[in-house]
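A short reminder: the numbers here are calculations on the coordinates, not readings from a lab. Just so we're clear, the structure is a prediction, and the values are computed from it rather than from any experiment. Glycine gets a Cβ as well: all are built from the backbone with ideal geometry, and neighbour counts include every protein chain shown.
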Amino acid sequence: MKDEEYLLKVENLGVSFSQYTQGLKKTRLQVITDLCVELRAGEILAVVGSSGSGKSLLAHAVLGILPENAEETGSIFFEGRKLSQRDKEALRGKEIALIPQSVNFLDPLQKVGDQILSGTGGTSGPGQKRRRRTEQAEALLARYGLEPGVARYFPHQLSGGMARKVLLQTALAADCRAIIADEPTPGLDPDSLAEVLRDFRAAAAEGRGILMITHDINAALQIADRIAIFYAGTTFEIAASSDFAGDGAALRHPYTRALLQALPDRGFTPIPGSQPLPGELPEGCLFCGRCPQQTEECAGRRPMFRDLRGGKVRCIHAT
Ligand SMILES: Nc1ncnc2c1ncn2[C@@H]1O[C@H](COP(=O)(O)OP(=O)(O)O)[C@@H](O)[C@H]1O
Ligand code: SF4
Ligand SMILES: [Mg+2]
């Protein structure tokens with residue numbers, strides 16, 4: 001695919017944070033290295049990785065909301081155009097919506113109904129128009145089983161589950177081309193979960209692109225067209241969901257295969273060791289020390305991210 005055919009393309013993203021050590025010496029901690037992801041219009045791409053693998057930072061880099069002490073390298077393209085910080089601010093909430101991981105992202109001073117419709121003009125304004133828009137917000141809430149009165153609540157009056165539904169509706173109501181949902185499903189009852197997944201699929205069918213971040217590989221397999229596997233701040237593999245069928249013989253990276261084999265319904269085989277922390281990354285492949293296929297060569301250099309059998313992989317020995 002040509003670059004402009006991707007809705008969103010993240011190329012070799014790097015994120016580091018400046019930190020002060022004990023002697024007040026300033027150092028940089030590299031937490032994301034060579035992270036690559038592309039999202040097509042009309043697809044649901046799941047980003048799967050364990051806690052600390054860089055999923056939320058990817059979302060924050062795309063939206064231009066990394067903290068002040070972060071330094072970003074690499075390129076982020078939207079519809080073929082490389083984005084500056086100013087472009088990201090202009091696109092945020094209009095072309096690219098974020099469903100944040102933390103419900104603290106809701107504005108504490110704005111009523112829920114107004115926030116849901118904020119991407120479409122809000123519920124403020126004179127008489128009849130305002131009533132119509134309030135009804136619109138109520139109808140959106142009703143889809144996830146929330147009472148009409150919730151539109152008039154402030155965020156502190158919502159339970160965690162309700163707040164998550166409001167965040168989802170806020171993003172879906174805005175007419176954005178890309179939606180990034182950062183762990184949107186925890187705390188949802190099964191009916192609401194099914195509703196969310198249906199809404200994502202409907203949004204993708206309209207030609208939007210959905211990037212769904214999750215640590216739950218089963219949820220990803222249920223809904224996504226393709227899955228990007230993150231590990232220690234980089235991308236290890238991008239594979240079609242169908243590549244995970246059976247024993248995962250179509251998968252490309254030893255870590256992805258190990259993740260599949262660790263699922264309860266596929267043998268429950270744990271992966272020995274743990275993901276390395278930023279600042280303690282091995283010199284060569286980041287999976288060194290845990291990989292059953294490791295050779296001497298693996299410790300010498302970081303593998304490139306390359307095309308393989310219709311997907312992508314970062315492993316020297318993948319064939
Ligand atoms: N403001 C920050 N300062 C220093 N390190 C950070 C900061 N934010 C995130 N990190 C580190 O970056 C890594 C990736 O974080 P994050 O993207 O939140 O992970 P995930 O969402 O996959 O759980 C983690 O190791 C985390 O500790
Ligand atoms: S490069 Fe080597 S250590 Fe890394 S995943 Fe491939 S085989 Fe394993
Ligand atoms: Mg996160």
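Scanning region 226-245 for residues that are out of contact with any strand residue (DSSP E or B) (no Cβ under 8 Å at 6 or more places or on another chain), closer than 27 Å to residue 193 by Cα and polar (S, T, N, Q) turns up at least one hit. Note on region 46-89: among residues that are crowded, with 17+ Cβ neighbours inside 10 Å and of a type in the set (Lys, Arg), the one that is farthest from ligand 2 (Cβ to nearest atom) is 88. When the residues of region 21-58 are filtered to those that are within 12 Å of the chain's Cα centre (by Cα) and in a strand (DSSP E or B), the one that is nearest to ligand 3 (Cβ to nearest atom) is 47.
Evaluated against (1) within 16 Å of ligand 2 (Cβ to nearest atom); (2) under 20 Å from residue 174 (Cβ atoms), residue 33 falls short on exactly one condition, (2).
Could you count how many residues in region 182-235 are on the phi < 0 side of the Ramachandran plot and away from ligand 1 (no atom under 16 Å from the Cβ)?
Keep residues of region 182-235 that are on the phi < 0 side of the Ramachandran plot, which gives 182, 184-186, 188-206, 208-231, 234-235.
Within this subset, residues satisfying the condition of being away from ligand 1 (no atom under 16 Å from the Cβ) are 188-206, 208-210, 218, 221-226.
The qualifying residues number 29.
In region 50-75, the residues that are under 26 Å from residue 263 (Cβ atoms) form Cβ pairs under 8 Å with partners that are part of a strand (DSSP E or B) and of a type in the set (S, T, N, Q), at six or more places apart or across chains, as follows: 54/234. With the structure loaded, tell me whether residue 243 is buried (at least 21 other Cβ atoms within 10 Å of the Cβ), touching a Leu at 6+ places or on another chain (Cβ under 9 Å) and part of a helix (DSSP H, G or I) or whether it fails that test. Answer is yes for this residue. Taking region 271-284 as the search range and keeping residues that are touching a helix residue (DSSP H, G or I) at 6+ places or on another chain (Cβ under 9 Å) and under 21 Å from residue 51 (Cβ atoms), which one is nearest to ligand 2 (Cβ to nearest atom)? Among those residues, the one meeting the criterion is 282. So which of 24, 35, 7, 13 is without any contact (Cβ under 8 Å) to a residue 60 or more places away in the chain and either crowded, with 17+ Cβ neighbours inside 10 Å or over 18 Å from residue 280 (Cβ atoms) (or both)? It is 24. Of all residues in region 39-59, those being within 20 Å of residue 201 (Cβ to Cβ) and touching a Phe, Trp or Tyr at 6+ places or on another chain (Cβ under 9 Å) number 6.
What are the residues in region 59-69 that are closer than 19 Å to residue 105 by Cα, outside any helix (DSSP H, G or I) and within 12 Å of ligand 1 (Cβ to nearest atom), if any?
First, pick out the residues of region 59-69 that are closer than 19 Å to residue 105 by Cα: 59-68.
Pick out the ones that are also outside any helix (DSSP H, G or I) and you get 64-68.
Once the filter is applied, which keeps residues that are closer than 19 Å to residue 105 by Cα, outside any helix (DSSP H, G or I) and within 12 Å of ligand 1 (Cβ to nearest atom), region 59-69 yields 65, 66, 67, 68.
Using the structure shown, decide if residue 89 is closer than 19 Å to residue 57 by Cβ, in a helix (DSSP H, G or I) and in contact (Cβ under 8 Å) with a residue 12 or more places away in the chain. The answer is yes for residue 89.
Taking region 246-293 as the range and being touching a strand residue (DSSP E or B) at 6+ places or on another chain (Cβ under 6 Å) and either within 16 Å of ligand 3 (Cβ to nearest atom) or not in a loop (DSSP other than H, G, I, E, B) (or both) as the test, the residues that pass are 255, 256, 278.
Do the conditions hold for residue 18, that is, is it within 15 Å of ligand 1 (Cβ to nearest atom) and not in a strand (DSSP E or B)?
no
Here residue 29 passes the criteria (1) over 24 Å from residue 259 (Cβ atoms); (2) touching a Phe, Trp or Tyr at 6+ places or on another chain (Cβ under 6 Å); (3) away from ligand 1 (no atom under 15 Å from the Cβ) except the one numbered (3).
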